[in-house]
Amino acid sequence: MKLFVIGFPKSGTTTLNKALEASGMSTLHWRQGEKFLGKMIYDAYMAGEDPLRDFANIDCITQADVCLPRHKLNYWPNLDFQIIAAIRRYHPDCLLALNYRDPVKVVSSMNRWLDMRKRFVASDIPGLPKGFGAKDSELLTWIEGHYDACRRLLGSDPNFFEYDIEDPKAPQILSERLGVELAWWGKANVNEAA
């Protein structure tokens with residue numbers, strides 16, 4: 001595994017996935033066939049194995065979380081520091097990328113993405129316990145807290161990096177870290193403003 005994204009949905013993960021695929025990398029985003037990546041990662045981890053055991057031929061995972069409480073699915077390996085630490089143990093050279101986006105914009109996009117907000121409130125998510133998230137301020141605290149925790153806990157890790165998805169230099173930062181020239185960069189899965 002070359003890259004594992006440890007940020008939030010609605011923060012350019014689809015764009016990143018499309019850019020990496022267009023550049024010849026094997027990527028996964030949210031699912032592999034009918035299986036959800038988050039559940040696969042936790043199944044491996046809870047069996048005492050490499051959390052990425054099922055992805056030997058994959059270069060990048062751009063979004064691993066799944067939150068579908070109606071289907072009893074709620075897995076957030078990208079926000080769970082036990083999983084992140086296990087990935088680091090098994091894959092010391094794997095890049096851990098924090099896909100930063102202005103938290104106010106993340107919350108705005110989450111609010112407009114189907115029933116995402118309601119699913120969050122109904123679920124127990126790392127940093128956002130069940131029942132929280134109905135207020136914008138709670139989502140902002142959650143997002144900012146994760147950003148801060150990544151910087152504090154991973155800041156000295158040479159294979160951790162952060163990029164702002166709106167920074168014009170984002171493609172260059174990704175290209176340099178991955179050693180691959182990105183063939184495309186734009187906006188995918190755009191959520192129209194209300």
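The values are calculated or read from the model by the stated rules, or taken from the named source; none is laboratory data. Source: prediction; values computed, not measured. Note that each Cβ is placed from the backbone with ideal geometry, even for glycine, and that neighbours are counted across all protein chains shown. These area figures cover heavy atoms from the full protein model, side chains too; ligands, DNA and RNA do not enter into them. Shrake-Rupley method; radii C 1.70, N 1.55, O 1.52, S 1.80 Å.
A few points about this structure:
- Subset tally (residues that are buried (at least 17 other Cβ atoms within 10 Å of the Cβ), assigned to a helix (DSSP H, G or I) and more than 14 Å from the chain's Cα centre (by Cα)) for segment 1-29: 4
- All positions within segment 165-176 that are surrounded by 16 or more Cβ atoms within 10 Å (Cβ to Cβ) and touching a Lys or Arg at 6+ places or on another chain (Cβ under 9 Å): 165
- Test for residue 27: is it in contact with a strand residue (DSSP E or B) (Cβ under 7 Å, 6 or more places away or on another chain) and without any contact (Cβ under 8 Å) to a residue 40 or more places away in the chain: yes
- Looking only at segment 51-64, and only at residues there that are assigned to a strand (DSSP E or B) and in contact with a Ser or Thr (Cβ under 7 Å, 6 or more places away or on another chain), the one that is farthest from residue 98 (Cα to Cα): 60
- Enumeration of residues in segment 30-50 that are in a loop (DSSP other than H, G, I, E, B) and free of Cβ contacts under 8 Å to residues at least 12 places away in the same chain: 33, 34, 47, 48, 49
- Residue 34 being open to solvent by 60 Å² or more (accessible area, probe 1.4 Å) and touching a helix residue (DSSP H, G or I) at 6+ places or on another chain (Cβ under 9 Å): no
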